1. Might you let me know whether segment A:141-158 holds any residue that is exposed (fewer than 15 other Cβ atoms within 10 Å of the Cβ) and either in contact with a Lys or Arg (Cβ under 9 Å, 6 or more places away or on another chain) or closer than 25 Å to A:Ala86 by Cβ (or both)?
2. How about segment A:37-66: which of its residues are closer than 23 Å to A:Gln142 by Cα and among the aliphatic types (A, V, I, L, M)?
3. Does B:Phe21 count as assigned by TED's automatic domain parsing to the domain that holds B:Thr115 and within 28 Å of B:Pro148 (Cβ to Cβ)?
4. Across segment A:53-87, which residue is surrounded by the most Cβ atoms within 10 Å (Cβ to Cβ) among those that are free of Cβ contacts under 8 Å to residues at least 24 places away in the same chain and among the charged types (D, E, K, R)?
5. Out of the residues in segment A:102-112 that are more than 10 Å from chain B (Cβ to nearest Cβ) and either among the basic types (Lys, Arg) or in a loop (DSSP other than H, G, I, E, B) (or both), state the one that is nearest to B:Lys129 (Cα to Cα).
6. Of all residues in segment A:115-138 being under 16 Å from B:Ala108 (Cα atoms) and without any contact (Cβ under 8 Å) to a residue 12 or more places away in the chain, which is farthest from the other protein chains (Cβ to nearest Cβ)?
7. Condition (residue is within 20 Å of B:Ala125 (Cα to Cα), surrounded by fewer than 20 Cβ atoms within 10 Å (Cβ to Cβ) and touching a residue at least 40 places away in the same chain (Cβ under 8 Å)) applied to segment B:37-52: is it met by at least one residue?
2 protein chains.
Amino acid sequence: MKTLILIAHPEIENSTTQKFFQTSLVNFENITYHPISIPINIEEEQQLLRSNDRIILQFPLFWYSAPALLKTWQDTVLSTSFINRASLKGKELGIVVTTGSAKKDFGAGNPERFTISEILRPYEAMANKAMMSYLPPLPVYQFLYMKPINQQRLLVDYQQYVTNPNFSHFNGQVSWFKKQIQKKITTQDSKNTSTLETILDTISQNQEELDDLRWNLDQIKKDDDN
Amino acid sequence: MKTLILIAHPEIENSTTQKFFQTSLVNFENITYHPISIPINIEEEQQLLRSNDRIILQFPLFWYSAPALLKTWQDTVLSTSFINRASLKGKELGIVVTTGSAKKDFGAGNPERFTISEILRPYEAMANKAMMSYLPPLPVYQFLYMKPINQQRLLVDYQQYVTNPNFSHFNGQVSWFKKQIQKKITTQDSKNTSTLETILDTISQNQEELDDLRWNLDQIKKDDDN
């Protein structure tokens, strides 16, 4: 699976969150990390879309949608003729959206009134129109206020959102973790101790995540039985 | 009531629909017709917002939201400090949205999947955040395919959307029609026959609309009684 990450951020160099996301992907292949910039080369952008399977729109939420940069991209790159040729048919559309509001502020009766799902309807409608499969969005609430452990969990969620073909199912998550560990073991240079340590550290972190996921699943099953 | 109409249209000069809307307002006062253009003067735009009571966003639906031009305007003019000073509190936010899709194409199970109300949630959330009162949007479906009689009805709906403080209630519509007729009678130059004819024609058209509205109301009452 090849993934294209389209970032729409007016000050990407100054964004700690965007740097965090980018750094988390350095050891992965088949990812094109592509900040949108003006002027837009329509042909190049359309070719990028054609040559990837999962398209991820990544942006901070400004006035309940992406920054104007993404809308400019949509209005120019996603022409009627491009869409009518079913150029995006069967591809996946994902959204990684960062927001300065807390998770608890969204939804009916809360300050932001609507859920993230509701707010992102225009993108869901776009996926529908383009015959794409709409992935559950990955919202990131108040990243800078997150505890380090939660940032690490988010990192793994994000890595899977970008690289795991089956990230929303437990089995898909398990096989993704196994694959990551095996890949790291087989590709390591045993003479390089510091690299080895990094790898072991990563394996250990992944294993913890796997245990957490199993524990969560057990809890869910217990709750279902009660 | 003072109304500001903010138009976001990349080719406003070539738009028959936008010309239709603009022409329909020539005899009304207290309306500022303001196409958004780049570069945006933030101070001027904020002053325009402050000095009006009803703000109408008018645009064609591109990818289930306004053209990038409006998003650029939102991202720059509606700064956090401007909103936090409650600059828009108590004002009304209306949306006139034109779409190339038919009315029947919107909603669950239909090609566009979501209703216009759902698609416009980001603007509703914005009104909520800015402590504005969100008016029911005025969607205009496939204007160029409309029969002349329906275009005329739309014209009156649009005039009311822009100028009638109470357009969504029947009594508010009746008093608006009366006011329009009276205004035309008192301001006419009786020596000017062609103007007089135009006025009479307009009064007659308005009267028909009023009769239609009364008839519709009777029908609704009858349906309720059954």
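1. Among the residues of segment A:141-158, at least one is exposed (fewer than 15 other Cβ atoms within 10 Å of the Cβ) and either in contact with a Lys or Arg (Cβ under 9 Å, 6 or more places away or on another chain) or closer than 25 Å to A:Ala86 by Cβ (or both), which makes the answer yes.
2. Here is the first cut: in segment A:37-66, the ones closer than 23 Å to A:Gln142 by Cα are A:56-66.
Within segment A:37-66, A:Ile56, A:Leu57, A:Leu61, A:Ala66 qualify.
3. Working: assigned by TED's automatic domain parsing to the domain that holds B:Thr115: yes; within 28 Å of B:Pro148 (Cβ to Cβ): yes.
In short, yes.
4. A:Lys71
5. Kept after step one, since they are more than 10 Å from chain B (Cβ to nearest Cβ), are these residues of segment A:102-112: A:102-105, A:107-110.
Applying the additional criterion that residues be either among the basic types (Lys, Arg) or in a loop (DSSP other than H, G, I, E, B) (or both) yields A:102-104, A:107-110.
Values: A:Ala102: 15, A:Lys103: 16, A:Lys104: 16, A:Gly107: 13, A:Ala108: 14, A:Gly109: 13, A:Asn110: 11 Å.
Step by step, filter segment A:102-112, then rank; the result is A:Asn110.
6. Only one residue fits best here, namely A:Glu124.
7. yes
Per-residue answers, yes or no, for (1) in contact with a helix residue (DSSP H, G or I) (Cβ under 8 Å, 6 or more places away or on another chain); (2) without any contact (Cβ under 8 Å) to a residue 24 or more places away in the chain:
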| position | (1), (2) |
| --- | --- |
| A:Phe106 | yes, yes |
| A:Arg113 | yes, yes |
| A:Val140 | yes, no |
| A:Ile149 | no, yes |
| A:Gln152 | yes, no |
| A:Tyr161 | no, no |
| A:Pro165 | yes, no |
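The values are calculated or read from the model by the stated rules, or taken from the named source; none is laboratory data. Owing to the predicted nature of the structure, the values given are computational and were not obtained by experimental measurement. Using ideal geometry, Cβ is built from the backbone for each residue, glycine included, and neighbour counts are taken over all protein chains shown.
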